[in-house]
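Comments concern the structure below.
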Amino acid sequence: MLRFDLISIFPEYLSPLKLSLLGKAQDKGLLAINIHDLRDQTTDVHHSVDDTPYGGGAGMVMSPVAWGDAIDQISSDADQIDLVILTPAGKKFNQKMAYEFSKSKQIIFACGRYEGIDARVGKYYMQQKNYKVHEVSIGDYVLGGGEVAAMVIIEAVARLLPGVLGNPDSLKEESHSIAGNKDESLVEYPNYTKPASWRGLDVPEILLSGNHGEIAKWRRSEAERRTRELEAE
Ligand code: ADE
């Protein structure tokens, strides 16, 4: 079972992880989500989590001591622990990464705030053979902290785990699905439901034809068109 652990100085910020699809998946024992307060996990007397940057400059940097203590305390004995450090300077998250993470046994999310986490934290765990470190960004913009970014990643990963989605067929045809072909990432074709005519707009004729071969061809070409249009922007 995949175990997600999140470390943050604002654990309440992560409470949506108890809801909806993720809440149900935890109740069914399909995955576990543990939320930890960085301050509770520190073992130094002051429970301090940040300090001024060496070399000067604005803002505060999060202490490697606090993060090291917290990460060590929640690490399982899995052969490989994936440590995800959320930062706008990280590798851009995508569906392929979501698939890779879905094979993990334990993912620890380090949700930093301020000007980020002391760079030695990533470096130290890179040197440990039972950890794989990933510096990850969810997009080219700056958030106040890594909490929302961690929730985005967990939502994308959890729905790929067996049993989490009510209808696993949903995974086969959706946008960015790489289940079929690893080299291509198409967005999904447009979807329609009843009524066939709504506010003067009709559902494309082909979808009412019952001709499954032609419908599949049309959907494929619509998916390609949408993907091309997005790429041209
Ligand atoms: N922390 C701040 N901004 C972020 C981003 N875009 N992605 C991940 N973590 C972040």
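Bear in mind these aren't lab numbers, they're just calculated from the coordinates by the rules spelled out. Given the structure is predicted, the values throughout are model-derived calculations rather than measurements. Neighbour counts are summed over all protein chains in view; Cβ atoms, including those assigned to glycine, are modelled from backbone coordinates with ideal geometry.
What fraction of the DSSP beta bridges in the chain is antiparallel, stated in percent and rounded to the nearest 5? Around 15 percent of the beta bridges assigned by DSSP in the chain are antiparallel ones. Packing-based ranking of 133-141, 54-62, 116-124, 26-34 yields 116-124, 133-141, 26-34, 54-62, ordered from highest to lowest mean Cβ neighbour count within 10 Å. Taking label positions 7 Å along the Cα-Cβ direction at both Ser185 and Asn130, the computed distance is 3.2 nm, reported to one decimal. The simple spin-label model puts a point 7 Å past each Cα toward its Cβ; for Leu161 and Asp44 those points are separated by 3.4 nm. The relative contact order of the range 172-230 comes to 33 percent, based on Cα pairs under 8 Å that sit 6 or more residues apart. Going from the residue with the fewest nearby Cβ atoms within 10 Å to the one with the most, Arg159, Arg228 rank Arg228, Arg159. For the listed residue pairs Lys105/Lys172; Lys24/Lys129; Lys103/Lys123; Lys24/Lys91, the alpha carbons are over 32 angstrom apart in Lys24/Lys129. With contacts taken as Cα pairs under 8 Å and at least 6 residues apart, the chain reaches a relative contact order of 19 percent.
Over the range 1-157, the Kirkwood radius and the radius of gyration, each from Cα atoms, give a ratio Rg/Rh of 0.95.
Modelled label positions at Lys18 and Asp79, each set 7 Å beyond Cα in the direction of Cβ, lie 3.6 nm from each other. Computed from the C-beta positions of Val142 and Trp198 and an R0 of 30 Å, the FRET efficiency is 0.15 to the nearest 0.05.
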